[in-house]
1. Ranked by accessible surface with a 1.4 Å probe, highest first, in what order do Y104, Y35 come?
2. Would you calculate the separation in nanometres between label points at L48 and A2, each defined as 7 Å from the Cα along the Cα-to-beta-carbon direction?
3. Using a 1.4 Å probe and ignoring any ligands, DNA or RNA, find the accessible area of E95 and quote it in Å² to the nearest 10.
4. Just the Cα atoms of the range 62-140, one point each, no solvent: what log10 I(q)/I(0) does Debye give at q = 0.18 Å⁻¹?
5. May I ask you to compute the full-extension gain from A132 to Y104, defined as 0.36 nm times their residue separation minus their alpha-carbon distance, rounded to one decimal in nm?
6. Can you put I93, I130 in order of accessible area, largest first, using a 1.4 Å probe?
7. Counting only protein chains, not ligands or nucleic acids, how are V11, V27 ordered by accessible area (probe 1.4 Å), most first?
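The values are calculated or read from the model by the stated rules, or taken from the named source; none is laboratory data. What you see is a predicted model, and the numbers here were worked out from it, not measured in a lab. Every residue, glycine among them, receives a Cβ derived from its backbone with ideal geometry; neighbour counts consider all protein chains shown. For accessibility, only protein heavy atoms count, side chains too; no ligands or nucleic acids. Shrake-Rupley method; radii C 1.70, N 1.55, O 1.52, S 1.80 Å.
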Amino acid sequence: MATVGQAAAHVFLAERNFYELLDRGVVERQPAGEYDLDIVREEVIRQLRAAASGREKKPGALDGEFEKARKDKELADRTALQNAVTRGELVAIEEVGKQVEREYAVVRERLLGIAGKLGSDLTPKQVARIEAEIRDALEELHDPGDIARRIPQPEDEAGEGEDEFEAAAPARPGRVG
């Protein structure tokens, strides 16, 4: 059995360099004075062979195989994304948002004009009620937070959140308000 100094001298290293091998796990750390010189020599030679053949993993060094796999995955993800766009499965959210805003503006103007168009055929009380209902509906559309809360999230389980939606009223031809 040998001390750190004796083990370091046995493999022609300074003690400082031998401690680096201990810290890197090349040589298994032993209690003071308990280093077996044959085992130390074998561990150091294995490390030298690995370094000479390019198999040694240095701290902070890139793993070529891992980096290639990561690059391949990124390329596959990019291709999948491009294919989804080509198939029309993905759209630019900003463009969709702008288009929805334009359509909401048209709907808003049309809805606000209903009471005026029908005003001559209705009583002032009916016109006021129609205008109030239209404004309430437009307020719901105006609140983006309300819309976001009604969109089911991917983590929702099947069946959850369905009670958050309100069914549209059945159509009643000839009825206004």
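1. Numbers: Y104 90, Y35 5 Å².
Of Y104, Y35, the descending order of accessible area is Y104, Y35.
2. Once both label points are built, they end up 1.3 nm from each other.
3. Rounded to the nearest 10, that gives 100 Å².
4. Listed by q, the Debye log ratios stand at -0.84.
5. On the way: separation 28, 0.36 × 28 = 10.08 nm, distance 1.80 nm.
Working it through step by step, the gained length comes to 8.3 nm.
6. The residues order as I93, I130, largest area first.
7. Working: V11 20, V27 0 Å².
Result of the area sort, largest leading: V11, V27.
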